[in-house]
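As structure tokens, the structure follows; a few thoughts come after it.
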2 protein chains.
Amino acid sequence: MPGSGKSTVARVIAEKLGYPVIVMGDIVREEVARRGLAITAENVERVARELRELRGPGVVAEMVVERAGSLKAEGVVVDGVRSLEEVRVLSRLGKVYIVAVHSPPSLRFKRMKERGREGDIRSLEEFRLRDEANLELGVGSVIALADYMVVNDCSLEELIARAERVAGEIRDASESRSGG
Amino acid sequence: MPGSGKSTVARVIAEKLGYPVIVMGDIVREEVARRGLAITAENVERVARELRELRGPGVVAEMVVERAGSLKAEGVVVDGVRSLEEVRVLSRLGKVYIVAVHSPPSLRFKRMKERGREGDIRSLEEFRLRDEANLELGVGSVIALADYMVVNDCSLEELIARAERVAGEIRDASESRSGG
């Protein structure tokens, strides 16, 4: 969910495992730029919606699969999965470990108002609309079926420690799968 | 989600706060009995579906609101909320604190196979169908918007400790709301 801290968790896990991160939002932002549009939150949302309507709900994940193929890495961390359909597409790359990052809505709202990043929200109304848009894509089902849950109700230091612990568990799980 | 340990968490929180628990599944089971049907997992699911189709997605929550009214308690713990529509109905009772209980699917599957409770699953296929039915009702969105997340990847003792901590936080939050 927006403001949960998932990008921080994605970066920490990727660094710990030595994998690249593919940010699904970046893939859409590149598409926005390719169309010669300004990279605003509105355009990113509009292009993402158009892509999904034209080419199906798994389209951005398909672009991630292509990108991952060109990276030739042993594994990849994907930041920003929004639906089980996207998980299904990503599983073409190999075993998928879903990591959810949860923060209480009150904390997410506070963070997003404070950080003032491009596309961040200014009012509770805007916050609710952003949440709704994410839930409509089906992100709740991905969270419900997560293999790992990182609760971000803590300091940044503690969040990093929690993400590192999950990275270690994923390494162990994938090593025991490959018989290592 | 089924097998997450949510009923244990509900009972611990209720005991700690001195509130009664209303189990949404029990409300449906009573309706099944009232119709003279045997209380099997199939009948409970069928009657729940019929109720929702006839009287809307919030119908079981409405029955909970009625029941809660007759209990005249200061607060109530509701076990088994499946959708944001149900949360909206329950908020007629007062401030709602959503507590989600998360376990990785692999652990939920193991637990449900082992406990062999009435209505528990016997195969991975059955497990997936039960998960899907829950996700279709919208439980993922409730989890995504939870105010508190209890991760149940631990011993029963530790789960109880985690639930007690959440109960304490809810008490503090509701006391500061009422200016206590």
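The values are calculated or read from the model by the stated rules, or taken from the named source; none is laboratory data. This structure is a prediction, so every number in the text was calculated from the model and none was measured. All Cβ positions, even for glycine, are placed from backbone atoms using ideal geometry, and neighbour counts span all protein chains on display. The accessibility values were calculated without ligands, DNA or RNA, using every heavy atom of the protein model including side chains. Shrake-Rupley method; radii C 1.70, N 1.55, O 1.52, S 1.80 Å.
Checking each residue in segment B:9-27 for being more than 23 Å from B:Gly138 (Cβ to Cβ) and either within 10 Å of the chain's Cα centre (by Cα) or surrounded by fewer than 17 Cβ atoms within 10 Å (Cβ to Cβ) (or both) picks out B:Arg11, B:Glu15, B:Gly18, B:Pro20. Could you go through segment B:2-20 and let me know if any residue there is outside any helix (DSSP H, G or I), under 16 Å from B:Ser83 (Cβ atoms), touching a helix residue (DSSP H, G or I) at 6+ places or on another chain (Cβ under 9 Å) and not polar (S, T, N, Q). Yes, the conditions are met somewhere in segment B:2-20. B:Gly75 passes every criterion in (1) part of a loop (DSSP other than H, G, I, E, B); (2) at pLDDT 95 or above; (3) open to solvent by 80 Å² or more (accessible area, probe 1.4 Å) apart from (3). Pairing each residue of segment B:132-144 that is modelled with pLDDT of 95 or more with any residue that is among the polar types (S, T, N, Q) and open to solvent by less than 20 Å² (accessible area, probe 1.4 Å), provided the two are 6+ apart or on different chains, yields C-beta distances under 6 Å for B:Gly138/B:Ser83.
When only residues in segment B:91-133 that are assigned to a helix (DSSP H, G or I) and aliphatic (A, V, I, L, M) count, which is surrounded by the most Cβ atoms within 10 Å (Cβ to Cβ)?
Here the answer is B:Met112.
Of the residues B:Glu66, B:Glu30, B:Glu62, B:Glu50, the single one that is part of a helix (DSSP H, G or I), under 18 Å from B:Ala133 (Cα atoms) and open to solvent by 20 Å² or more (accessible area, probe 1.4 Å) is B:Glu50.
Test A:Arg128 against the stated conditions and say whether it is of a type in the set (D, E, K, R) and away from chain B (no Cβ under 12 Å). So A:Arg128 does not fit the description; no.
Checking each residue in segment A:36-46 for being touching a Lys or Arg at 6+ places or on another chain (Cβ under 7 Å) and not in a loop (DSSP other than H, G, I, E, B) picks out only A:Val44.
Scanning segment A:67-86 for residues that are over 16 Å from A:Met1 (Cα atoms) and among the hydrophobic types (A, V, I, L, M, F, W, C), we see that the one that is farthest from the other protein chains (Cβ to nearest Cβ) is A:Leu71.
Would you pick out the residues in segment A:134-169 that are part of a helix (DSSP H, G or I) and more than 12 Å from chain B (Cβ to nearest Cβ)? Of everything in segment A:134-169, those that are part of a helix (DSSP H, G or I) and more than 12 Å from chain B (Cβ to nearest Cβ) turn out to be A:Leu156, A:Glu157, A:Glu158, A:Leu159, A:Ile160, A:Ala161, A:Ala163, A:Glu164, A:Ala167, A:Gly168.
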